[in-house]
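**Student:** Structure below; questions to follow.
The values are calculated or read from the model by the stated rules, or taken from the named source; none is laboratory data. For clarity, every value in this text was computed on a predicted model and none was experimentally measured. Methodologically, a virtual Cβ is constructed for each residue, glycine included, from the backbone with ideal geometry; neighbour enumeration extends over all protein chains shown. Surface areas here come from the heavy atoms of the whole protein model, side chains and all, with no ligands, DNA or RNA. Shrake-Rupley method; radii C 1.70, N 1.55, O 1.52, S 1.80 Å.
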Amino acid sequence: MSPISLLSVLTEDLLVRVYTGLGSDSDRKTWRIVCKDFLRVDLVTRRSLRILRFEFLQRLLFKYTNLDSLDLSVCPRIEDGAISLLLSRPEWLNWTRCLTRLTLSRATGLRHSGLELLLRACPRLEAVDVSYCWGYGDMEASAISCAKGLRELRMDKCLGVTDVGLAKIAVGCGKLERLSLKWCMEISDLGVELLCKKCLDLKSLDVSYLKLTSESLRSIASMPKLEVLAMSGCPFVDDVGLQFLENRCPLLQVIDISRCEFLTSSSLQSVARGHNGLLQLNAGYCLSRLPATVLHCLKDMKNLNTIRIDGARVSDSSLEIISSNCKSLVEIGLSKCVGVTDMGIMQLVSGCVDLKIVNLTCCRSITDVAISALAKSCWKLVCLKLESCDKVTEKSLNQLGSCCLGLEEIDLTDCSGVDDKGLKYLSGCSELLCLKLGLCTNISDKGLAYIACNCTRISELDLYRCTGIGDEGLAALTNGCKKLMKLNLSYCNGVTDRGMHYIGHLKELSDLEMRGLINITSVGLTAVAAGCKRLAELDLKHCEKIDDSGFWALAYYSRNMRQINMSYCAVSDVGLCMVMGNLTRLQDAKLVHLTKVTVKGFELALRACSVRIRKLKLNSRLRLVLSSETLETLHARGCMFRWD
């Protein structure tokens, strides 16, 4: 009698419950390839899908028919014709019936006709993201207005959208609750006024970096359900505009007025007086100083959990007032604030013991005394930014490693007092996910080994210009930090091809910066390309010993590459054409000062990638010698040029 398989006694309901407990994409991928039953569970259960390769688009959408969310932002070659073909047969449309969220960020090849087809085919759409589709204008806005049930829309940096396009969206999408128009530079007060009249359900609005005046604030003040308002970098808004908000928008919880240069402290008083329920206030790089009258207004904001006053002049008494009035603070931003001292920080943390996120970037007077007090009082700390705080030493890291065991992110860039002993202490923070050590010239392989041994969850590590790091440190790193996804080794000149072989063991690595590694050859690059199959962003600028053989390996192995910097490398016509032709997901390439590539080589390479490339950086001289046909074709397909 044959033994009974364990899988045969598991019902589909039990399998679904197990599947929903899987936490990562790699776990779900492993699940799918176990057996047909597991694959079937994946097909019927999966609710979100991110398409990486265009050639698999139709097949995947035919299989996954219960999707809530579809992300096409990293899938090149999405054009009107592709969408028309995709929607041409009724039996291919099952995936559209449940879809509520569609991400088309950076899909610059898709224009108004294809966009309208797609949106009309998805009757239940509630959220659309077309941010950074820089060529989008009023015709695309008109297409978006066909999605009548839309509740959330992101249009950041849709540079061609004007008041006319916004008016069509406001009229067609009257149920909008969340709208982001960041960097839509052609939108004016007129468009915002109509939006506020038509979309009365708006809860979140981002008009950052628009050329609006205070008249727009008069219109925005009439929105009864507004909870979040972001207006960072609006150069023409003044105190009069903020006064319109006083005692209006009663549900307002979050406001961002950072980098609004014509605002004064009276603006903050207006906001504070009228909105006692405010949770988050961002006034970074907005005020030159913080008078006590403004800070005393915070006492009525009992629920305020986030305040950012980056760039302001503060005093010990300022921080003492914040400590007394804002007991619920979870986050404070003091980046580049003048006047931050040890005493001020000690007074702050004595009252704000629940702080989890603290930004002290460029607070150069801070010493171990302040950081020790912070660590002892705020043991729930999750994120600490100390860039350029060069008086911080191993004493601070000792306290952090002992008290703040839940620390997930710390930025120690350009902290010259950090050394190997300090990293040994810091390794006590075993929950670290992000560690930035750029320009810390006093650390070596020994210190990195401490981190690698104890902080195995790290996914992002910055070692920019850490000249004491070499191959042995990378050996320890790759042995301990298997989940590393982002790594910066730029100008770590102690690293050789042997170190690159170690890097090749990081299977999860997706972003690697190795700019200026003068000892790396094609042998090292081949090892990385062959081992790191998920690599999507790669910076090889000034790696002058890497020639065609390394780039051939890259073209063969790195099929997930989306962004590459090959400037100042020793690649020739053949190598460049191989890379630009074979990397079918490549969208952004920097190709400056490639002295071995001819004009003909550039022509062939650019034609090979013309249907998918979105951003190119080239020498300015090529603007005069490349054929107008090639340049026009690239521009027509949504490619943005930067001439160096």
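**Student:** For the structure I just gave you, tell me whether G241 is among the small types (G, A, S), open to solvent by less than 10 Å² (accessible area, probe 1.4 Å) and assigned to a loop (DSSP other than H, G, I, E, B).
**Tutor:** no
**Student:** Right, another one. So if I check each of S317, S350, which one is farther than 21 Å from S396 by Cβ and surrounded by fewer than 19 Cβ atoms within 10 Å (Cβ to Cβ)?
**Tutor:** Sole residue among the options that is farther than 21 Å from S396 by Cβ and surrounded by fewer than 19 Cβ atoms within 10 Å (Cβ to Cβ): S317.
**Student:** Mind checking which residues of the stretch 212-227 are open to solvent by 30 Å² or more (accessible area, probe 1.4 Å) and either under 30 Å from the mean Cα position of the chain (by Cα) or of a type in the set (G, A, S) (or both)? Outline the logic, then answer.
**Tutor:** So in the stretch 212-227, the residues open to solvent by 30 Å² or more (accessible area, probe 1.4 Å) come out as 213, 215, 218, 222, 224-225, 227.
Scanning the stretch 212-227 gives T213, S222, K225, E227.
**Student:** Sort out which residues of the stretch 385-431 are of a type in the set (D, E) and touching a Lys or Arg at 6+ places or on another chain (Cβ under 9 Å), and write them in order of number. So that I can check it myself, show each step before the final result.
**Tutor:** So the first thing to find is which residues in the stretch 385-431 are of a type in the set (D, E), and the list is 387, 390, 394, 408-409, 411, 414, 419-420, 431.
Listed by number, the residues that qualify are E387, D390, E394, E408, E409, D411, D420, E431.
**Student:** Would you say S113 is more than 26 Å from L634 (Cα to Cα) and of a type in the set (G, A, S)? Walk me through it before giving the result.
**Tutor:** On the way: more than 26 Å from L634 (Cα to Cα): no; of a type in the set (G, A, S): yes.
Answer is no for this residue.
**Student:** Sort out which residues of the stretch 599-644 are polar (S, T, N, Q), assigned to a helix (DSSP H, G or I) and surrounded by 15 or more Cβ atoms within 10 Å (Cβ to Cβ), and write them in order of number. Before the answer, list the steps.
**Tutor:** In the first step, residues of the stretch 599-644 are kept if they are polar (S, T, N, Q); the result is 610, 619-620, 627-628, 630, 633.
Subset that is assigned to a helix (DSSP H, G or I): 628, 630, 633.
T630, T633 - these are the residues of the stretch 599-644 that are polar (S, T, N, Q), assigned to a helix (DSSP H, G or I) and surrounded by 15 or more Cβ atoms within 10 Å (Cβ to Cβ).
Per-residue answers, yes or no, for (1) modelled with pLDDT of 95 or more; (2) open to solvent by 40 Å² or more (accessible area, probe 1.4 Å); (3) not assigned by the TED database to the domain that holds S113:
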{"position": "M139", "(1), (2), (3)": "yes, yes, no"}
{"position": "M155", "(1), (2), (3)": "yes, no, no"}
{"position": "V164", "(1), (2), (3)": "yes, yes, no"}
{"position": "A170", "(1), (2), (3)": "yes, no, no"}
{"position": "L179", "(1), (2), (3)": "yes, no, no"}
{"position": "I187", "(1), (2), (3)": "yes, no, no"}
{"position": "L210", "(1), (2), (3)": "yes, no, yes"}
{"position": "L229", "(1), (2), (3)": "yes, no, yes"}
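**Student:** Kindly provide the set of residues from the stretch 69-110 that are in contact with a Phe, Trp or Tyr (Cβ under 8 Å, 6 or more places away or on another chain) and either within 23 Å of S180 (Cα to Cα) or β-branched (V, I, T) (or both), ordered by number.
**Tutor:** Answer for the stretch 69-110, where residues must be in contact with a Phe, Trp or Tyr (Cβ under 8 Å, 6 or more places away or on another chain) and either within 23 Å of S180 (Cα to Cα) or β-branched (V, I, T) (or both): L70, C75, I78, S105, R106, T108.
**Student:** Which residues, counting only those in the stretch 558-577, are assigned to a helix (DSSP H, G or I) and either touching a Leu at 6+ places or on another chain (Cβ under 8 Å) or surrounded by fewer than 19 Cβ atoms within 10 Å (Cβ to Cβ) (or both)? Steps first, please.
**Tutor:** Here is the first cut: in the stretch 558-577, the ones assigned to a helix (DSSP H, G or I) are 573-577.
Across the stretch 558-577, the qualifying residues are D573, V574, L576, C577.
**Student:** Any idea which of G277, G311 is on the phi > 0 side of the Ramachandran plot, open to solvent by 20 Å² or more (accessible area, probe 1.4 Å) and not acidic (D, E)?
**Tutor:** Values: G277 fails: on the phi > 0 side of the Ramachandran plot.
Just a single option satisfies the conditions, and that option is G311.
**Student:** Can I ask one more? Any idea which of A107, A143 is open to solvent by less than 10 Å² (accessible area, probe 1.4 Å), part of a loop (DSSP other than H, G, I, E, B), closer than 21 Å to G81 by Cα and not assigned by the TED database to the domain that holds C234? Give the steps one after another, and end with the answer.
**Tutor:** Numbers: A143 fails: part of a loop (DSSP other than H, G, I, E, B).
Going through A107, A143 in turn, just one is open to solvent by less than 10 Å² (accessible area, probe 1.4 Å), part of a loop (DSSP other than H, G, I, E, B), closer than 21 Å to G81 by Cα and not assigned by the TED database to the domain that holds C234: A107.
**Student:** Does K596 fit the bill of being free of Cβ contacts under 8 Å to residues at least 60 places away in the same chain, open to solvent by 50 Å² or more (accessible area, probe 1.4 Å) and outside any helix (DSSP H, G or I)?
**Tutor:** On the way: free of Cβ contacts under 8 Å to residues at least 60 places away in the same chain: yes; open to solvent by 50 Å² or more (accessible area, probe 1.4 Å): yes; outside any helix (DSSP H, G or I): yes.
Taking the combined requirement at face value, the residue satisfies it.
**Student:** Scan the stretch 248-256 and tell me whether some residue there is open to solvent by 20 Å² or more (accessible area, probe 1.4 Å), touching a Gly at 6+ places or on another chain (Cβ under 7 Å) and at pLDDT 95 or above.
**Tutor:** Yes.
**Student:** Report whether or not L118 is at negative phi and in contact with a Cys (Cβ under 9 Å, 6 or more places away or on another chain).
**Tutor:** Numbers: at negative phi: yes; in contact with a Cys (Cβ under 9 Å, 6 or more places away or on another chain): no.
Considered against the rule, which asks whether it is at negative phi and in contact with a Cys (Cβ under 9 Å, 6 or more places away or on another chain), L118 comes out as no.
**Student:** Within the stretch 215-240, track down each residue that is over 24 Å from L159 (Cβ atoms) and in contact with a helix residue (DSSP H, G or I) (Cβ under 8 Å, 6 or more places away or on another chain).
**Tutor:** Step one: filter the stretch 215-240 for residues over 24 Å from L159 (Cβ atoms), giving 218, 221-227, 238-240.
Listed by number, the residues that qualify are R218, A221, S222, M223, L226, D238, D239, V240.
**Student:** Restricting to the stretch 532-555, and then to whatever is charged (D, E, K, R) and part of a loop (DSSP other than H, G, I, E, B), can you tell me which residue is nearest to the chain's Cα centre (by Cα)?
**Tutor:** If we filter the stretch 532-555 for residues that are charged (D, E, K, R), which is where we start, we get 533-534, 537, 539, 541, 544-545, 547-548.
Subset that is part of a loop (DSSP other than H, G, I, E, B): 533-534, 541, 544-545, 547.
Details: K533: 21, R534: 18, K541: 22, E544: 30, K545: 32, D547: 32 Å.
Checking each candidate, the answer is R534.
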